[in-house]
Amino acid sequence: MNPGAARTDDVPLLEIRDLAITFETSNGPINAVRNAHLTIMPGETVAIVGESGSGKSTTALAAIGLLPSNGRVSGGQILFDGEDIANASEKRIIELRGNSIGMVPQDPMSNLNPVWKIGFQVRETLKANGLAGANSKERVAEVLAEAGLPDAANRAKQYPHEFSGGMRQRALIAIGLACRPRLLIADEPTSALDVTVQRQILDHLDRMTSELGTAVLLITHDLGLAAERAEKLVVMYKGQVVESGPALEILRNPQHPYTQRLVNSAPSLASRRLQSQKAKDALAAAVAGLDTPLDDENDPAHVGKAPTDAGLAPSSVPAAPAQPVRAARPAPNGERKGAQAGETILEVKNLTRVFKLRGALGKSTDFKAVDDVSFSVPRGTTMAIVGESGSGKSTVAQMALSLLAPTEGSILFDGVEVNSLKGKALFDFRRRVQPIFQDPYGSLDPMFNIFRTIEEPLKIHKIGDSKSREKKVRELLDQVSMPASTMHRFPNELSGGQRQRIAIARALALNPDVIICDEAVSALDVLVQAQVLNLLNELQEDLGLTYLFITHDLAVVRQIADHVTVMQKGRVVEAASTDEVFSNPRQVYTQELLNAIPGATLLV
Amino acid sequence: MSEKLTPETDLTKPVTPVSRQGKTSSRVIEHFVAPLEETPLAAIDNVDETAAPLSLWADAWRNLRRQPLFIISALLIVLVLVVAFVPHLFASVDPTSCTLNDSSEGARAGHPFGFTLQGCDVYSRMIYGTRASLLVGVLTTLGVLVVGGTMGALAGYYGGWIDTVLARLADIFFALPLILGAIVMMQLPAFRDNRSVWTVVITLVIFGWPQIARITRGAVIENRNADFVTASKALGLSRFNALVRHVIPNSLAPIIVVASISLGTFIVAEATLSFLGIGLPDTVMSWGNDIAAAQPQVRNNPGVLLWPAAALSVTVLSFIMLGDALRDALDPKARKR
């Protein structure tokens with residue numbers, strides 16, 4: 001820290017007192033923030049943690065006077081260096097922005113103007129604050145170089161689309177710090193980036209701000225990340241500050257029940273695979289010799305059932321009473337007993353997919369998105385495919401769903417080559433393998449109400465009549481713990497997690513064997529994510545499901561997966577059991593990924 | 001994308017596991033805990049069961065209901081529709097019983113807008129002319145929706161050569177000016193000899209479909225790769241059924257908006273063609289024909305021209321206003337998430 005600042009060291013740089021922010025909406029005023037308070041000392045890093053809608057961004061935006069036009073500070077004070085700027089004039093706020101308070105916005109993809117060169121956009125900031133000087137070009141290059149852009153002078157002449165996500169975020173950090181502000185507001189600065197890039201950017205931001213003595217207000221949804229980067233945590237919930245204090249102390253000794261909940265379900269801090277209460281109970285029962293013989297009779301009938309029999313009967317409802325019985329089967333970590341244990345349900349051999357990239361003048365170049373990938377998934381277990389964006393993991397999922405034909409290699413489902421399936425056989429295959437997608441906002445048809453959404457697979461496969469289908473939909477909703485009244489609602493009325501549960505119910509409607517989850521929880525808030533993961537885990541134990549779990553988040557992998565395949569640039573770089581990968585990563589890339597999990601090395 | 005330009009991570013170097021311990025401050029930081037009563041802990045992600053279920057259309061309707069633009073245009077359109085269906089309720093005078101005695105007479109009791117050169121009642125002709133104008137507008141819009149919608153949906157959904165052929169075809173028609181094309185077309189013997197509402201409608205559809213086709217194609221392309229379409233394919237729905245069941249319903253909003261605005265412009269186009277003498281035959285009463293007939297007299301008896309022209313403007317304006325209101329209500333960006 002800057003030793004010269006010792007004089008002002010005990011005066012808070014930013015102090016927010018009893019802040020209230022109100023939004024005027026068509027449904028009347030909404031109090032987005034109430035009684036918020038926080039203090040940032042010079043040079044200090046403070047993190048606001050909370051789920052979406054908790055008011056964390058709104059609070060920070062108020063501090064820089066960037067509330068949306070329908071929002072206003074309806075109470076309290078925002079003291080910057082002792083001056084109340086809560087209701088300061090536009091002119092005064094503009095004076096402060098840039099050289100006193102800087103900002104790094106969330107989405108690096110949309111926050112740079114695509115028609116201007118990077119250098120111009122940096123210069124703009126310098127000019128606005130009268131810091132451009134005579135040789136502004138050199139200054140721009142300097143600022144960009146500080147943010148960690150190699151060859152900054154030439155980079156400044158490039159356009160945003162020539163930059164990767166991480167590079168853009170560096171450029172935004174350069175802009176935010178260009179005028180040497182005393183406070184930098186970083187609104188989820190790395191949420192859109194891969195974990196390894198996230199780590200580098202945050203490391204760099206850390207270094208820069210501590211060199212410059214800049215205070216940072218970091219806004220994040222990730223408790224692990226916040227605890228690792230900030231001295232002080234402020235936990236917000238429903239527009240209020242529920243707990244604040246020293247970061248590590250909050251992490252180790254959370255007081256407020258909400259914080260406790262948050263700490264308990266933070267995936268980056270979890271250390272073992274989820275196990276449901278049921279499984280534990282069942283295990284105890286099995287040990288006591290109370291396991292029902294019915295179980296073993298029922299089991300093959302369910303798991304090995306051809307997709308034509310029980311399902312084409314008037315309804316698949318009769319399967320339901322059997323479920324509690326199956327639920328009693330102990331199945332921790334895929335070590336399922338009975339005939340099916342260890343049997344491979346999905347096998348991928350030497351899978352390769354080449355995309356043709358269109359080049360200039362009709363020339364095209366080949367791009368190997370997936371390159372010689374092999375793995376096999378035993379029935380009833382979870383296989384996770386991990387990798388950063390562009391590693392080809394989603395392409396593998398698409399091929400496993402038979403939505404995309406492989407260029408080479410084969411996918412065997414229950415011993416049958418998927419790629420050769422046609423007509424009726426493909427239709428039956430569709431029943432047994434179901435997807436759950438990443439974006440809960442995109443995977444449900446907004447025109448269909450929930451009943452029609454869940455009923456659709458039953459209708460397509462002509463299962464049951466309208467009455468039995470309705471019954472089945474009710475059961476499915478119950479299975480994913482949604483109230484039956486949800487049936488008449490539309491996707492736009494539900495939250496992301498609720499939509500994801502509906503997507504799970506739809507996937508379960510046909511009693512599939514395999515569910516392919518393509519980043520199924522990455523768009524959700526931490527608590528909701530934990531809830532959905534728990535649900536998936538319980539369903540796996542109840543129904544003997546097999547999951548192929550595509551994700552970029554190793555922290556999630558640890559909670560749900562039995563085996564991991566790590567992919568990089570289309571190739572498999574490491575494949576082993578989850579415990580093995582976490583305790584003994586063999587490849588540099590895997591180590592890098594593990595190391596980048598925020599909060600992983602915090603001693604909690 | 002530009003991978004070689006942007007080396008994010010050097011993966012050749014071995015990683016030294018850094019232990020990030022978090023930061024501790026030398027300052028004393030107070031540990032604050034809010035009293036639990038202030039923010040009671042709600043269940044995670046519970047469903048709000050109090051609000052009434054709301055479909056997108058219901059949502060749009062709730063939104064529309066409160067818009068003055070929509071209310072005014074809807075009332076006007078309802079009025080125009082009623083007039084078109086039951087004109088005799090609004091005008092007691094027969095518009096075809098014209099006596100030359102009344103030629104170019106001014107307004108008098110029972111004849112509020114005066115008389116034409118032929119001695120016909122202007123008000124009555126305006127009322128009875130509504131049907132033809134509206135009929136052309138509605139039929140043309142329907143025709144354009146069927147032709148343009150189908151072409152656009154197929155082109156956008158299947159892509160490839162179908163798209164290339166259909167999109168170029170649409171471009172060719174798009175390049176032809178409507179009025180010029182219609183003048184040529186209406187002069188063809190088959191059309192010239194059988195002039196009726198239908199010939200006008202066919203001509204307008206032929207030159208009007210590319211606009212809807214473009215809009216539909218764009219909307220379908222936007223939706224064809226949506227996750228819910230992929231999901232339904234993974235459920236076993238055929239490609240064509242996915243188009244009909246999921247893609248088209250989700251593409252309707254912009255199409256409806258454009259269709260309601262074009263309905264107005266088609267009415268104008270009909271009036272223009274009739275004015276030029278190549279639209280509806282003289283035997284059909286229409287605003288365009290009346291405006292054409294009144295044109296020589298515009299200086300000494302402007303009312304004869306102004307009244308049908310005003311009716312035309314109000315009708316067209318109300319359809320355009322309706323389109324605008326619908327655009328606001330159906331705008332996907334305005335929808336709550």
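The values are calculated or read from the model by the stated rules, or taken from the named source; none is laboratory data. Please read all numbers here as calculations on a predicted model, not as lab measurements. Please note: Cβ atoms are built from the backbone with ideal geometry, for glycine as well, and neighbour counts cover all protein chains shown.
Out of the residues in region A:385-411 that are surrounded by fewer than 19 Cβ atoms within 10 Å (Cβ to Cβ) and under 15 Å from A:Q568 (Cα atoms), which is farthest from the other protein chains (Cβ to nearest Cβ)? Per the stated criteria, the residue is A:S389. Being part of a helix (DSSP H, G or I), in the same structural domain as A:N99 (by TED's automatic domain parsing) and not β-branched (V, I, T) holds for only one residue in A:R170, A:R199, and it is A:R199. For region B:274-296, taking the residues that are in a helix (DSSP H, G or I) and out of contact with any helix residue (DSSP H, G or I) (no Cβ under 6 Å at 6 or more places or on another chain), the one that is surrounded by the most Cβ atoms within 10 Å (Cβ to Cβ) is identified as B:A293. Against the list (1) under 30 Å from A:A266 (Cα atoms); (2) surrounded by 18 or more Cβ atoms within 10 Å (Cβ to Cβ); (3) not small (G, A, S), the condition A:D107 fails is (2).
Against the numbered list (1) touching a Phe, Trp or Tyr at 6+ places or on another chain (Cβ under 9 Å); (2) within 30 Å of B:E105 (Cα to Cα); (3) of a type in the set (S, T, Y), B:T272 comes up short only at (1). Looking only at residues in region A:412-438 that are surrounded by fewer than 19 Cβ atoms within 10 Å (Cβ to Cβ) and either of a type in the set (V, I, T) or at the interface with chain B (Cβ under 7 Å from one of its Cβ atoms) (or both), the one that is farthest from B:A58 (Cα to Cα) is A:V416. Hydrophobic (A, V, I, L, M, F, W, C) and at pLDDT 85 or above: is that true of A:F429 in this structure? Yes; evaluated as a whole, the condition is true for this residue. On the stretch given as region A:476-491, residues that are free of Cβ contacts under 8 Å to residues at least 60 places away in the same chain and under 17 Å from A:L539 (Cα atoms) total 6. The residue of region A:131-152 that is surrounded by the fewest Cβ atoms within 10 Å (Cβ to Cβ), among those that are under 22 Å from A:R207 (Cα atoms) and of a type in the set (A, V, I, L, M), is A:A145. Summed over region A:78-96, residues that are assigned to a strand (DSSP E or B) and crowded, with 16+ Cβ neighbours inside 10 Å total 3. The set of residues from region A:235-259 being surrounded by fewer than 20 Cβ atoms within 10 Å (Cβ to Cβ), polar (S, T, N, Q) and at the interface with chain B (Cβ under 7 Å from one of its Cβ atoms) comprises just one member, A:Q255.
Here B:D328 passes the criteria (1) away from every other protein chain (no Cβ under 14 Å); (2) part of a helix (DSSP H, G or I) except the one numbered (1).
Could you check, for region A:196-203, whether at least one of its residues is within 7 Å of chain B (Cβ to nearest Cβ) and among the hydrophobic types (A, V, I, L, M, F, W, C)? Yes, that holds for at least one residue.
Only residues that are modelled with pLDDT of 85 or more and either facing another protein chain (nearest Cβ under 8 Å) or not in a helix (DSSP H, G or I) (or both): list them for region A:260-290, please. Result: A:R261, single match. When region A:586-604 is limited to residues that are under 23 Å from the mean Cα position of the chain (by Cα) and farther than 15 Å from A:D194 by Cα, the one that is modelled with the lowest pLDDT turns out to be A:V604. Scanning region A:518-534 for residues that are polar (S, T, N, Q) and within 8 Å of chain B (Cβ to nearest Cβ) turns up just one, A:Q531.
Which one is modelled with the lowest pLDDT, of the residues in region A:553-568 that are away from every other protein chain (no Cβ under 14 Å), in contact with a helix residue (DSSP H, G or I) (Cβ under 8 Å, 6 or more places away or on another chain) and not in a helix (DSSP H, G or I)? Step by step, filter region A:553-568, then rank; the result is A:D553.
If the condition is being at pLDDT 85 or above and within 14 Å of chain B (Cβ to nearest Cβ), then region A:121-150 contributes only A:L144. Scanning region A:12-34 for residues that are surrounded by fewer than 17 Cβ atoms within 10 Å (Cβ to Cβ) and either modelled with pLDDT of 85 or more or not in a loop (DSSP other than H, G, I, E, B) (or both) gives A:R17, A:D18, A:E24, A:T25, A:G28, A:P29, A:I30, A:N31.
Those helices (runs of 4 or more DSSP H) of region A:448-517 in which 1 or more residues are facing chain B (nearest Cβ under 10 Å) and not aromatic (F, W, Y) occupy A:450-460, A:496-508. Filtering region A:97-136 to residues that are part of a loop (DSSP other than H, G, I, E, B), under 35 Å from the mean Cα position of the chain (by Cα), of a type outside the set (S, T, N, Q) and farther than 22 Å from A:L217 by Cβ leaves A:M109, A:P114, A:V115, A:W116, A:K117. The listed residues are B:V205, B:V184, and the only one of them that is out of contact with any strand residue (DSSP E or B) (no Cβ under 6 Å at 6 or more places or on another chain), part of a helix (DSSP H, G or I) and more than 23 Å from B:M285 (Cβ to Cβ) turns out to be B:V184. Does B:S286 satisfy the criteria of being of a type in the set (G, A, S) and modelled with pLDDT of 90 or more? So B:S286 does not fit the description; no.
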